[in-house]
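> Before we start, here is the structure in question, set down as structure tokens.
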Amino acid sequence: MNWMQQLEQVYSNNEKYVGEFEERYQQRITLLPVSHMMQNAQIEILLSPEGNFIEAKVVHKEHARTIVPVTLASANRTSASAPHFLHDKLAYVAGDYVAFGGNEKRAAYYNDYINQMQLWVNDRHVPQRVQAIYDYVKKGTVIADLVREKVLLVDNQNKIMTKWTDKEKPLIFQVVAGDVLDAFVRFDVLHTTYDEPAVWEDKKLFDAYIAFFNQHYLEEQDVCYITGRQVALTSQHGARIRNAGDMSKLISSNDSVGYTYRGRFAKPSEAVQIGYEVSQKAHHALRWLMQRQSMYIDSRYFITFGIENPTIIDPFESSIGLISSSTNKKYTAEIEADALHQAIKGYKNQLTKDKVKNIIVIAMDAATSGRLAIVYYQQFHTDLFLDNIEHWHNTCKWLQFIKDEETKKVLRIEGTPSTYRIVEAVYGSKADPRIKKQLYTRLLPCIVEKKPIPMDIIRLIFNRIKNPASFKNLTESWEGVLNVACALVLKLHEGEGYTMALQKDNVTRDYLFGRLLGVAEVMEKRILEDREKGKKDKDRRSTNATRYFNAFIQNPARTWLVIRRQLQPYFMRQAIDVEYYAMLLQQIEDQITPERMNNQQLSPLFILGYSSQIQDMYKKKEDVSNDNIEE
């Protein structure tokens with residue numbers, strides 16, 4: 001339960017944000033007050049301070065988020081009657097719900113709502129705005145007023161029209177996904193001053209409800225396992241953590257006949273005792289963090305946050321993203337190790353300034369619709385976390401291509417691909433999201449804990465790049481996947497001295513075979529480009545090195561003889577720079593001893609030699625071109 005302590009601390013450190021809305025990803029989000037939850041409202045009714053109806057309107061989706069006071073039962077309700085306070089569905093707030101065609105099984109909902117509201121209205125500290133809402137709702141004319149305002153429509157039998165078949169839908173049918181009679185209603189009361197907030201954003205009303213709730217709804221007191229203090233307990237913990245429709249919970253003990261605690265304890269409190277307030281704060285903090293800074297794939301959410309200040313860098317970010325977000329400086333050149341170090345140093349300075357000492361990384365997922373689980377949890381000291389992030393970016397990097405937004409030119413940089421890019425490269429863009437989320441989770445310890453890359457991931461991506469001809473999808477290129485594979489292979493062999501720069505003194509068998517194929521690829525490609533000028537790339541013939549790529553990995557010695565033989569015509573015709581290529585091939589072949597020139601299958605190390613050789617040859621050509629321009 002350490003995670004609850006940390007999240008409760010996050011809530012306490014950020015209480016100034018309670019009820020303060022901010023916009024993230026085109027959604028208004030806020031840290032919720034205790035005993036409240038967030039609901040999307042579809043109808044808004046404005047009342048006078050005396051409780052008289054003034055007007056009503058349909059609420060657009062972008063403004064639908066509404067903070068609602070809740071009870072223990074209503075926050076976790078399913079099909080049974082359990083009304084919220086103030087704002088709720090039509091079945092609860094409309095006394096004429098059944099008369100206008102509502103479900104008769106819900107006839108008692110309205111009385112439950114009114115009786116519950118009366119309890120608060122009878123409190124001597126009840127706010128005037130609550131009294132006004134109660135006075136209006138108890139008249140039992142909500143739906144009649146909405147029909148008169150043409151928010152809801154009736155048929156010729158004076159029943160609410162729940163479906164609309166024509167193309168031009170009225171507003172209410174555009175915002176309610178199912179039955180219109182399930183619409184959620186929120187109330188506002190005429191503002192007495194210019195800066196008075198709406199009822200659902202009124203902090204004074206939040207505090208009034210919390211005080212009322214603590215007085216009337218919290219009874220059982222005992223030792224809280226989280227804080228160790230004698231406080232009011234709860235056995236009903238937060239649902240709707242990932243979104244408004246998510247009923248899965250992290251803590252649940254309400255199954256007295258199932259398998260939750262049967263055979264171990266007689267009642268839920270013997271399994272665990274958690275204080276109501278700490279449970280509310282921890283779950284609210286978790287929702288807030290998920291909304292403002294989480295990343296999700298399929299049903300799994302990944303959250304990284306600081307306890308003192310929640311804002312922290314994203315461990316899944318690429319090197320370019322890390323540097324850009326740290327310095328806010330436009331990237332125009334190759335990444336230098338120093339640039340990355342300076343970026344991390346900048347984060348350290350900022351976090352030190354904000355007194356952020358602890359960072360937590362959590363991944364959560366729901367195996368069923370009712371149970372949410374923490375599938376990854378780690379707490380780090382800030383320095384250790386940033387050192388591990390820097391280590392990841394220094395040891396898992398290779399050639400990457402980015403597009404400059406201003407010049408629209410493609411830049412070649414040496415950096416670490418984002419985790420998104422790695423996952424797309426390993427499985428392809430059309431892979432099942434359920435498989436992808438597993439890879440995100442497995443890569444997380446490699447990034448934040450310096451764990452080695454799992455070997456099966458290397459095998460997967462190596463098997464993908466063995467067949468260049470299979471990459472016909474325009475959303476990903478073989479070269480791009482090859483570069484990601486090189487970054488992962490480099491990470492796998494970190495500490496063995498491999499670099500992206502060509503290592504001419506490296507006599508590893510696989511590396512040398514990679515170099516041989518790289519030279520053959522560049523040589524034939526340049527000659528073909530010279531011959532087939534004017535043709536589009538898709539119309540150009542692929543090189544023998546590309547065509548025999550898979551066969552070369554399986555049987556390198558035999559396939560090399562085939563490729564060598566097919567290069568011979570180019571040497572005979574004295575094509576461009578053939579002497580240089582011949583010399584290069586001879587030098588590499590001389591480094592492969594006769595006993596190592598065999599058909600033993602090549603390992604993933606082969607692609608480091610292949611990619612480095614190609615980059616080196618293209619870089620030399622660019623250098624020569626630049627020299628000529630300067631002259």
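Values quoted throughout were computed directly from the atomic coordinates according to the rules given, and no laboratory measurement underlies them. The structure displayed is predicted, hence computed values, not measured ones. Quick reminder, even Gly has a Cβ in these numbers, built from the backbone with ideal geometry, and neighbours come from all protein chains shown.
> Apply the Karplus curve 6.51 cos²θ - 1.76 cosθ + 1.60, θ = phi - 60°, to the phi angles in the stretch 80-86 and return the couplings in whole Hz, x for Gly and Pro.
6, 5, 7, x, 7, 8, 6
> Could you tally the net charge around I133, taking each other residue with its Cβ under 13 Å from the Cβ of I133, Lys/Arg +1 and Asp/Glu -1? Provide the component values of the computation, followed by the final result.
Values: positive: R129, K138, K139, R186; negative: E44, E50, D88, D135, D188, D202.
Net charge around I133: -2.
> Give the separation of the Cα centroids, the stretch 10-69 to the stretch 268-323, in Å.
For the stretch 10-69 versus the stretch 268-323, the Cα centre distance is 21 Å.
> So what are the ³J(HN,Hα) numbers for the stretch 376-385, from phi and the Karplus equation (6.51, -1.76, 1.60; θ = phi - 60°), rounded to whole Hz, Gly and Pro as x?
Going residue by residue, I get 8, 8, 8, 10, 10, 6, 3, 4, 5, 4 Hz, with x marking Gly and Pro.
> Then there's this: May I ask which of K345/K408; K16/K249; K281/K450; K437/K491; K403/K533; K491/K525 have a Cα-Cα span longer than 23 Å here? Walk me through the numbers before you get to the answer.
Working: K345/K408 30 Å; K16/K249 27 Å; K281/K450 32 Å; K437/K491 21 Å; K403/K533 25 Å; K491/K525 30 Å.
Long pairs (Cα-Cα over 23 Å): K345/K408; K16/K249; K281/K450; K403/K533; K491/K525.
> Another question, then. Under a point-charge model restricted to the Cβ atoms of Lys and Arg (+1) and Asp and Glu (-1), what is the dipole moment magnitude of the chain relative to its Cα centre, in debye to the nearest 20?
On the way: 81 positive and 79 negative charges, 371 e Å.
The dipole of the chain has a size of about 1780 debye.
> On to the next question. When the chain is fully extended, how far beyond the present Cα-Cα distance does K472 get from K619, taking 0.36 nm per residue of separation? Display every interim value, and only then the final one.
Values: separation 147, 0.36 × 147 = 52.92 nm, distance 2.71 nm.
Full extension of this stretch gives 50.2 nm more.
> When the helix-only estimate is applied to the chain (DSSP H runs of n ≥ 4, each -39,500 (n - 2.57), divided by the residue count), what is the mean residue ellipticity at 222 nm, nearest 500 deg cm²/dmol? Mind dumping the intermediate values first?
Details: 23 runs with 271 residues, N = 631.
Using -39500 (n - 2.57) per qualifying helix, the result is -13500 deg cm²/dmol.
> Additional query: For the stretch 547-556, take each phi angle, set θ = phi - 60°, evaluate the Karplus expression 6.51 cos²θ - 1.76 cosθ + 1.60, and give the result in whole Hz per residue in order, putting x for glycine and proline.
Per-residue couplings from phi come out as 5, 9, 4, 5, 5, 5, 5, 6, 9, x Hz.
> Then there is this: Angle, helix 2-13 long axis vs. longest principal axis of the chain, Cα atoms, 0 to 90°, nearest 10?
On a 0 to 90 degree scale, this one is about 70.
> Let me ask something additional. About the Cα centre of the stretch 385-449, how large is the charge dipole given +1 on each Lys and Arg Cβ and -1 on each Asp and Glu Cβ? Please answer in debye to the nearest 20.
Values: 11 positive and 9 negative charges, 84 e Å.
The dipole magnitude comes to about 400 debye.
> Also, I was wondering about something else. If one takes the longest principal axis of the Cα atoms in the chain, at what angle in degrees, from 0 to 90 and to the nearest 10, does the Cα axis of helix 478-492 lie?
90 degrees
> Which aspartates and glutamates have a Cα lying under 17 Å from the Cα of K348, excluding residues fewer than 8 positions away in the same chain?
Those aspartates and glutamates meeting the cut-off are E308, D314, E317, D338, D383, D387, E390.
> Sequence-distant or interchain residues sharing an amide H contact under 5 Å with F471, placed H: which?
none
> Moving to a separate point now. Put +1 on the Cβ of every Lys and Arg and -1 on every Asp and Glu Cβ in the chain; which of V98, L488, N599 then has its Cα farthest towards the positive end of the dipole?
Positive-end residue among those listed: N599.
> Ok, one more. Over the chain, what relative contact order in percent results from Cα pairs under 8 Å that are six or more residues apart? Don't jump to the answer; show the numbers that get you there.
On the way: 962 pairs, mean separation 65.0, N = 631.
It comes to 10 percent, rounded to a whole number.
> Let me know the shape class of the stretch 1-79, please: from the alpha-carbon gyration tensor, a ≥ b ≥ c as square roots of the eigenvalues, rounded when a/c is under 1.5, otherwise prolate if a/b is greater than b/c, or oblate. Can you show the working numbers first?
Details: a/c = 2.14, a/b = 1.71, b/c = 1.25.
Cα axes put the stretch 1-79 in the prolate bin.
> Say the dipole of the stretch 137-223 comes from +1 at the beta carbon of Lys and Arg and -1 at that of Asp and Glu; which of F212, A183, V223 then lies farthest toward its positive end?
Going by the charge dipole, the pick is A183.
> Looking at the square roots a ≥ b ≥ c of the eigenvalues of the Cα gyration tensor of the chain, which shape do they give, rounded for a/c under 1.5, prolate if a/b is larger than b/c, or oblate?
Details: a/c = 2.79, a/b = 2.26, b/c = 1.23.
Prolate.
> Once amide H atoms are placed 1.01 Å from N in the peptide plane, what residues at a sequence separation of 5 or more from V154, or on another chain, have their amide H within under 5 Å of its amide H?
So V154 has HN proximity to M161.
> Around A366, which amide H atoms from residues at least 5 apart in sequence, or from another chain, sit under 5 Å from its own amide H, with H modelled in the peptide plane?
The answer is A373.
> On a straight-distance basis, which aspartates and glutamates could pair with K436 in a cross-link, Cα separation under 12 angstrom, same-chain partners fewer than 8 positions away excluded?
Here the aspartates and glutamates satisfying the reach criterion relative to K436 are D298, E424.
> Give me the net charge of G609's neighbourhood, meaning all other residues with Cβ under 9 Å from the Cβ of G609; Lys, Arg count +1, Asp, Glu -1. Display every interim value, and only then the final one.
On the way: positive: R515; negative: D510.
Net charge around G609: 0.
> In degrees from 0 to 90, rounded to the nearest 10, what is the angle of the helix 276-293 Cα long axis to the longest principal axis of the chain?
Orientation of helix 276-293: about 40 degrees from the principal axis.
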